[in-house]
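> First the structure, then my questions, so here it is.
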């Protein structure tokens, strides 16, 4: 008992950190796309490439690459993570461009825990616990209230790509929930980002990847690659080592919540009474999810 509690607390803290850092990525990506005039696919490629280069450079400077095993299992894991990174990022940004940030985010983040719960039920042949079902239902309600926009038209293609992004994120969570011997979260993030970014680069070059040589734009590129990508995914993979995959996916609820609060603080956007109710529901959902075994 004295070992399990600290492990659970560390995992929960890492997942919370990942969700909050992801929440800053939406604003950074939106600003980068508008100020640099980049296509969403190019933004996704920059996110993965910069994140991968920074994380790999850190590993090289600290000697973290010396003990990395070069087994078939490690190569397969890194290729799978890289492919899922590319699928998830591409699908999400296509969903954003086809519909809106709110619809894409709500559909992706809301669907991923449900898909994970279904996959867990199929694999274990056991129904989810009462508290898991309550958390899933509450997350969908909270997201709907937080992103509520009366009269907004829903684009079918945007929803389909958001569901594909949710499936990619769910698969990424399931794949990385089982640890490969000798492969830590940071190398997984570093090489997964590099592989995913390399896979997106040919298409991104076709759309255009030229970035203005301006201090604010370059700072956005670096921040986008380091904070909501390299640090956030390293924290997420670390948290997965001691948490249930569905709980890990629920931590992503902090992304739209953080993004909404940042939009209020930095962009002057207002969150109405319905939105504040959604924020309260999401906080309650996370409290239930983290407190129940």
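> How would the range 192-244 be classified by its alpha-carbon gyration tensor: rounded, prolate or oblate, with rounded meaning a/c under 1.5 and the a/b versus b/c comparison settling the rest? Before the final figure, lay out each step's value.
On the way: a/c = 4.74, a/b = 1.64, b/c = 2.88.
Oblate shape, in that a/c is at least 1.5 and b/c is the bigger or equal ratio.
> Follow-up. Given an 8 Å cut-off on Cα distances and at least 6 residues of separation, report the relative contact order of the range 152-251 as a percent. Write down the numbers at each step before the final one.
Details: 32 pairs, mean separation 48.5, N = 100.
Relative contact order, the range 152-251: 49 percent.
> Hey, could you grab the Kirkwood Rh for the range 151-212? Inverse mean 1/r over distinct alpha carbon pairs, Å, one decimal.
Values: mean 1/r = 0.0680 Å⁻¹.
It is 14.7 Å.
> If I model a spin label as a point 7 Å beyond the Cα along the Cα-Cβ vector, how far apart are those points for residue 141 and residue 219 in nm?
Going from the residue 141 label point to the residue 219 one covers 4.2 nm.
> Given a Förster distance of 41 Å, report the FRET efficiency between residue 66 and residue 123 from their Cβ-Cβ distance, rounded to the nearest 0.05.
Values: r = 36 Å, r/R0 = 0.88.
Computed FRET efficiency for residue 66 and residue 123 comes out at 0.70.
> Moving on. Once a ≥ b ≥ c are taken as the square roots of the eigenvalues of the Cα gyration tensor of the range 3-85, is the result rounded (a/c under 1.5), prolate (a/b larger than b/c) or oblate (a/b not larger than b/c)?
Details: a/c = 2.09, a/b = 1.29, b/c = 1.61.
Taking the square roots of the gyration eigenvalues as a ≥ b ≥ c, the range 3-85 is oblate.
Each value in this text was obtained by applying a stated rule to the coordinates, not by laboratory testing. Since the model is a prediction, treat every value here as computed from it, not as a measurement. No Cβ is skipped: glycine too gets one built from the backbone with ideal geometry, and neighbour counts run over all protein chains shown.
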